[in-house]
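Note sheet for the following structure.
The values are calculated or read from the model by the stated rules, or taken from the named source; none is laboratory data. Note that the structure is predicted; figures quoted are calculated from it, not measured. Counting neighbours? That spans all protein chains shown, and the Cβs are built from the backbone with ideal geometry, glycine included. All accessible areas refer to the heavy atoms of the entire protein, side chains included, with ligands and DNA or RNA removed. Shrake-Rupley method; radii C 1.70, N 1.55, O 1.52, S 1.80 Å.
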Amino acid sequence: MPFDRSDRLKRLPPYLFAEIDKKKKAAVAEGRDVINMGVGDPDKPTPEFVIRALQEACAKPAHHRYAFDEGLPAFRAAAARWFEKRYGVRLDPDREILPLIGSKEGIAHLPLAILNPGDVSLVPDPGYPPYAGGTSFAGGEPHRMRLRADLGFLPDLKAIPALVVARAKILYLNYPNNPTSALAPRAFLEEAVAFAAKHDLLIAADAAYSEVYFEEKPPSMLQIPGARERTIEFHSLSKTFNMTGWRLGFAAGCEKAVKALGVLKTYLDSGIFSAIQETGAVALDGYDRPEIRAIRDLYRTRRDAWVGGLRSLGLKVDSPKATFYVWTPVPGGGSSIDFCARALEKANVVLTPGLGFGEGGEGYFRAALTVDEPRIREAIERLKKAGVFGT
Ligand SMILES: *Cc1c(COP(=O)(O)O)cnc(C)c1O
């Protein structure tokens, strides 16, 4: 039938977060008081100085026309300024930076710009679904690299079969990591760059959580010697500035890859509302402001409440050093889907089953710290009372 989904769409599992959102909405529609720690979407509003900048920018007629894909020069310049201040890496805003409609857009489209049918992307498992999804859409094959707790949730690059590596073109990495919250030590970044150089791979580094940290600032892959020629790094304003709905991010690094993605995008979209880009420049220039630091402090307080709560229930949990996620083994083992279904049914708490991030996520559940501390405490109480964690 002409209206049936294409084979490539049918091959993909339903997008997990959309599914969870559906279940949550059904529970809310029944009048249940749901605590949503499922989707990683900051609950606080965008900072006032950013909102005000958009109010001004959107009134300018120059912004009402197509922005086109090379993006607003002022936004690219601000991204380069931010990169230099934050990482000490000076990028050419005309050739090494590309604005994106949220970083997910670039992450998911990259394979279409780089892969030929049958080429392989190396993707973390558990991992953010667009790495594998974007690869499949491009006719490529995702090869899943297990992230294991005993290896610090870093992929074991040496364990990837030689025949797979020979067909691979893209190596996706994501640190600070969603869903495990792991950080990559510099030694691993160096190992990844050496591996990519040896096997002629493009590194696609997803840095969406680069500013959600509680201890040292996470490094950029582009700080590693030799990385810049073969790394495209994805940055996002979503988590840093509570701007998920605005859809703004950028790709940085490897000129050829940035260019390839830009050319692809000329056929897909016609740029990002330039008032939003102008505002994004204001946000990036203001990233040192106290209200941005306050966002990190808030997550730290919530993290301590949730981790403390889980520990009081007898669970062994490490306190994450970055991201607003806590990744925890399902108590007593067993299916992550069943466990999260029980949490919703019995305690009205939405948690994300690890399996939704790939088979490597089975046996874990993820809590997003995107509700206020009192609600986090209440979630713990409810889960305890309902016996969701067993006895
Ligand atoms: C939230 C998130 C992103 C990006 O989000 P955008 O809003 O599209 O910029 C990218 N990668 C991971 C792992 C995320 O969790």
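Details
- Pick from the stretch 223-241, criterion closer than 11 Å to L202 by Cα and charged (D, E, K, R), ranking: nearest to the ligand (Cβ to nearest atom): E233
- Residues of the stretch 283-316 classified as assigned to a loop (DSSP other than H, G, I, E, B) and either at pLDDT 95 or above or under 22 Å from the mean Cα position of the chain (by Cα) (or both), total: 4
- Members of the stretch 67-77 that are away from the ligand (no atom under 16 Å from the Cβ) and in contact (Cβ under 8 Å) with a residue 40 or more places away in the chain: A67, F68, D69, E70, L72, A74, R76, A77
- Close pairs (6 angstrom Cβ cut-off, 6 or more residues apart or separate chains): part of a strand (DSSP E or B) in the stretch 193-216, among the acidic types (D, E) anywhere: A205/E233
- Residue match in the stretch 142-150 (condition: of a type in the set (K, R), in a helix (DSSP H, G or I) and away from the ligand (no atom under 16 Å from the Cβ)): no
- One residue alone among S312, S236 is open to solvent by 10 Å² or more (accessible area, probe 1.4 Å) and more than 24 Å from R90 (Cα to Cα), and that residue is S312.
- Single residue of the stretch 201-221 satisfying the filter (away from the ligand (no atom under 11 Å from the Cβ) and among the acidic types (D, E)) that is surrounded by the most Cβ atoms within 10 Å (Cβ to Cβ): E211
- Meets criteria (more than 24 Å from A77 (Cβ to Cβ), open to solvent by 10 Å² or more (accessible area, probe 1.4 Å) and either in the same structural domain as A67 (by TED's automatic domain parsing) or assigned to a strand (DSSP E or B) (or both)) for E229: no
- Of the helices (runs of 4 or more DSSP H) lying entirely inside the stretch 1-106, the ones with 2 or more residues being closer than 27 Å to R377 by Cβ are found at 16-29.
- Scanning the stretch 92-138 for residues that are open to solvent by less than 20 Å² (accessible area, probe 1.4 Å), within 11 Å of the ligand (Cβ to nearest atom) and over 23 Å from A80 (Cα atoms) yields P124, P126, G127, P130, Y131.
- Applying a threshold of 6 Å to beta carbon distances and a minimum spacing of six or more residues, or different chains, the list of pairs starting in the stretch 125-150 at a residue that is within 17 Å of R167 (Cβ to Cβ) and ending at one that is among the aromatic types (F, W, Y) and open to solvent by less than 10 Å² (accessible area, probe 1.4 Å) reads Y131/Y172.
- Looking only at the stretch 242-282, and only at residues there that are of a type in the set (F, W, Y), open to solvent by 30 Å² or more (accessible area, probe 1.4 Å) and not in a helix (DSSP H, G or I), the one that is farthest from the ligand (Cβ to nearest atom): Y267
- Condition broken by G40, with the remaining ones in (1) within 30 Å of V282 (Cβ to Cβ); (2) open to solvent by 60 Å² or more (accessible area, probe 1.4 Å); (3) not hydroxyl-bearing (S, T, Y) satisfied: (2)
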